[in-house]
Amino acid sequence: MQGLLELANVPYVGAGVMASAVGMDKAAMKKMFAASGLAICDYEVVLKRDWQRDERAVLQAVRRAAGLPVFVKPANLGSSVGISKAKHAAGLREAIALAAQFDRKIVIEGGRLPQAREIEGRRPRQ
(Lines give C-alpha, C1' and ligand atoms only; values in the text may rest on other atoms or scores of the structure.)
Protein backbone atom coordinates (compact mmCIF):
# COMPACT_ATOMS: atom_id res chain seq x y z
CA MET A 1 0.00 0.00 0.00
CA GLN A 2 2.83 2.39 0.87
CA GLY A 3 4.37 1.87 -2.57
CA LEU A 4 1.10 2.70 -4.27
CA LEU A 5 0.72 5.86 -2.19
CA GLU A 6 4.27 6.93 -2.99
CA LEU A 7 3.76 6.31 -6.71
CA ALA A 8 0.61 8.43 -6.56
CA ASN A 9 2.50 11.09 -4.56
CA VAL A 10 -0.06 10.85 -1.73
CA PRO A 11 1.28 11.65 1.75
CA TYR A 12 0.75 9.00 4.44
CA VAL A 13 1.87 8.22 7.98
CA GLY A 14 3.52 5.11 9.34
CA ALA A 15 6.26 2.85 8.07
CA GLY A 16 7.68 3.36 4.60
CA VAL A 17 7.92 0.87 1.77
CA MET A 18 11.14 -0.84 2.86
CA ALA A 19 10.23 -1.11 6.55
CA SER A 20 6.87 -2.60 5.67
CA ALA A 21 8.34 -5.06 3.17
CA VAL A 22 11.07 -6.23 5.54
CA GLY A 23 8.59 -6.43 8.40
CA MET A 24 6.33 -8.73 6.38
CA ASP A 25 9.11 -11.10 5.29
CA LYS A 26 10.33 -13.19 8.23
CA ALA A 27 13.49 -14.28 6.38
CA ALA A 28 14.44 -10.70 5.42
CA MET A 29 13.74 -9.56 8.98
CA LYS A 30 16.09 -12.20 10.38
CA LYS A 31 18.84 -10.99 8.03
CA MET A 32 18.28 -7.40 9.15
CA PHE A 33 18.33 -8.39 12.82
CA ALA A 34 21.57 -10.34 12.35
CA ALA A 35 23.16 -7.49 10.38
CA SER A 36 22.28 -5.16 13.25
CA GLY A 37 23.99 -7.45 15.77
CA LEU A 38 20.82 -8.77 17.40
CA ALA A 39 20.81 -12.34 18.64
CA ILE A 40 18.59 -14.65 16.60
CA CYS A 41 17.93 -18.37 16.80
CA ASP A 42 19.33 -20.83 14.26
CA TYR A 43 17.17 -20.91 11.18
CA GLU A 44 16.96 -22.17 7.63
CA VAL A 45 15.05 -20.74 4.67
CA VAL A 46 13.50 -23.28 2.32
CA LEU A 47 12.04 -22.45 -1.06
CA LYS A 48 8.89 -24.28 -2.11
CA ARG A 49 10.47 -25.27 -5.45
CA ASP A 50 13.39 -26.94 -3.62
CA TRP A 51 10.93 -28.75 -1.34
CA GLN A 52 8.96 -29.99 -4.34
CA ARG A 53 12.14 -31.07 -6.15
CA ASP A 54 13.79 -32.99 -3.29
CA GLU A 55 12.02 -33.31 0.06
CA ARG A 56 14.66 -35.63 1.46
CA ALA A 57 17.54 -33.20 0.84
CA VAL A 58 15.58 -30.33 2.38
CA LEU A 59 14.74 -32.39 5.47
CA GLN A 60 18.40 -33.34 5.93
CA ALA A 61 19.57 -29.73 5.49
CA VAL A 62 17.03 -28.44 7.99
CA ARG A 63 17.92 -31.06 10.60
CA ARG A 64 21.63 -30.22 10.19
CA ALA A 65 21.07 -26.46 10.42
CA ALA A 66 18.37 -26.16 13.06
CA GLY A 67 17.95 -29.60 14.65
CA LEU A 68 14.64 -30.59 16.22
CA PRO A 69 12.29 -29.30 17.52
CA VAL A 70 11.69 -26.46 15.05
CA PHE A 71 9.04 -23.89 14.25
CA VAL A 72 8.00 -23.84 10.59
CA LYS A 73 6.46 -20.66 9.16
CA PRO A 74 5.43 -19.24 5.82
CA ALA A 75 7.82 -16.28 5.38
CA ASN A 76 5.27 -13.74 4.20
CA LEU A 77 2.09 -14.40 6.07
CA GLY A 78 0.51 -13.29 9.33
CA SER A 79 1.67 -14.30 12.75
CA SER A 80 -0.20 -17.60 13.09
CA VAL A 81 -1.45 -18.91 9.72
CA GLY A 82 0.42 -21.98 8.50
CA ILE A 83 2.79 -22.13 11.49
CA SER A 84 3.66 -25.45 13.13
CA LYS A 85 6.03 -26.85 15.72
CA ALA A 86 7.75 -30.04 14.59
CA LYS A 87 9.25 -32.31 17.23
CA HIS A 88 10.24 -35.24 14.95
CA ALA A 89 11.01 -35.95 11.29
CA ALA A 90 7.45 -36.89 10.30
CA GLY A 91 6.13 -33.74 11.92
CA LEU A 92 8.76 -31.69 10.10
CA ARG A 93 7.63 -33.07 6.74
CA GLU A 94 4.00 -32.23 7.55
CA ALA A 95 4.88 -28.74 8.81
CA ILE A 96 6.88 -27.84 5.70
CA ALA A 97 4.12 -29.14 3.44
CA LEU A 98 1.58 -27.01 5.33
CA ALA A 99 3.70 -23.84 5.17
CA ALA A 100 4.34 -24.44 1.46
CA GLN A 101 0.59 -24.19 0.85
CA PHE A 102 0.74 -20.53 1.91
CA ASP A 103 4.06 -19.20 0.59
CA ARG A 104 6.91 -19.91 -1.81
CA LYS A 105 9.43 -19.21 0.99
CA ILE A 106 9.44 -21.02 4.34
CA VAL A 107 11.35 -20.06 7.49
CA ILE A 108 12.33 -22.87 9.84
CA GLU A 109 13.58 -21.76 13.26
CA GLY A 110 15.43 -23.88 15.79
CA GLY A 111 13.25 -24.59 18.82
CA ARG A 112 16.00 -25.16 21.37
CA LEU A 113 16.07 -21.85 23.18
CA PRO A 114 16.82 -22.48 26.86
CA GLN A 115 16.44 -18.84 27.92
CA ALA A 116 13.38 -18.11 25.76
CA ARG A 117 9.90 -17.40 26.99
CA GLU A 118 6.73 -17.02 24.99
CA ILE A 119 5.07 -13.61 25.02
CA GLU A 120 1.64 -13.10 23.57
CA GLY A 121 -0.78 -10.20 23.36
CA ARG A 122 -3.60 -11.66 25.41
CA ARG A 123 -4.07 -10.37 28.91
CA PRO A 124 -4.76 -12.85 31.70
CA ARG A 125 -8.31 -12.95 33.04
CA GLN A 126 -8.79 -11.35 36.40
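Overview of values
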| item | result |
| --- | --- |
| Carbon + sulfur, % of accessible area of the chain - ligands and nucleic acids excluded, 1.4 Å | 53 |
| Computed magnitude of the charge dipole of segment 19-60 (debye, nearest 20; Cβ of K, R +1, Cβ of D, E -1) | 120 |
| Heavy-atom surface of the chain, accessible at 1.4 Å and reported per residue (Å²) | 71 |
| Cα-derived Rg over Rh, computed across the chain with Rh taken as Kirkwood radius | 1.04 |
| Peptide ranges 51-62, 103-114, 13-24 listed from the most packed, as the mean C-beta count within 10 angstrom indicates | 103-114, 51-62, 13-24 |
| Size of charge dipole - the chain - debye, nearest 20, with Cβ of Lys, Arg +1 and Asp, Glu -1, no other charges | 400 |
| Cβ-defined net charge surrounding residue 74, 12 Å radius [Lys, Arg +1; Asp, Glu -1] | +3 |
| In range of the label at residue 6: residues from segment 60-100 whose backbone nitrogen is under 12 Å from the point 7 Å along Cα→Cβ | none |
| Inter-site label distance for residue 90 and residue 21 at 7 Å from Cα along Cβ, in nm | 4.3 |
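The values are calculated or read from the model by the stated rules, or taken from the named source; none is laboratory data. Worth saying up front: this structure is predicted, and the values here are computed from it rather than measured. Don't worry about glycine lacking a Cβ; one is built from the backbone with ideal geometry, like all the others, and counts go over all protein chains shown. Keep in mind that these areas ignore ligands, DNA and RNA; they rest on the heavy atoms of the full protein, side chains included. Shrake-Rupley method; radii C 1.70, N 1.55, O 1.52, S 1.80 Å.
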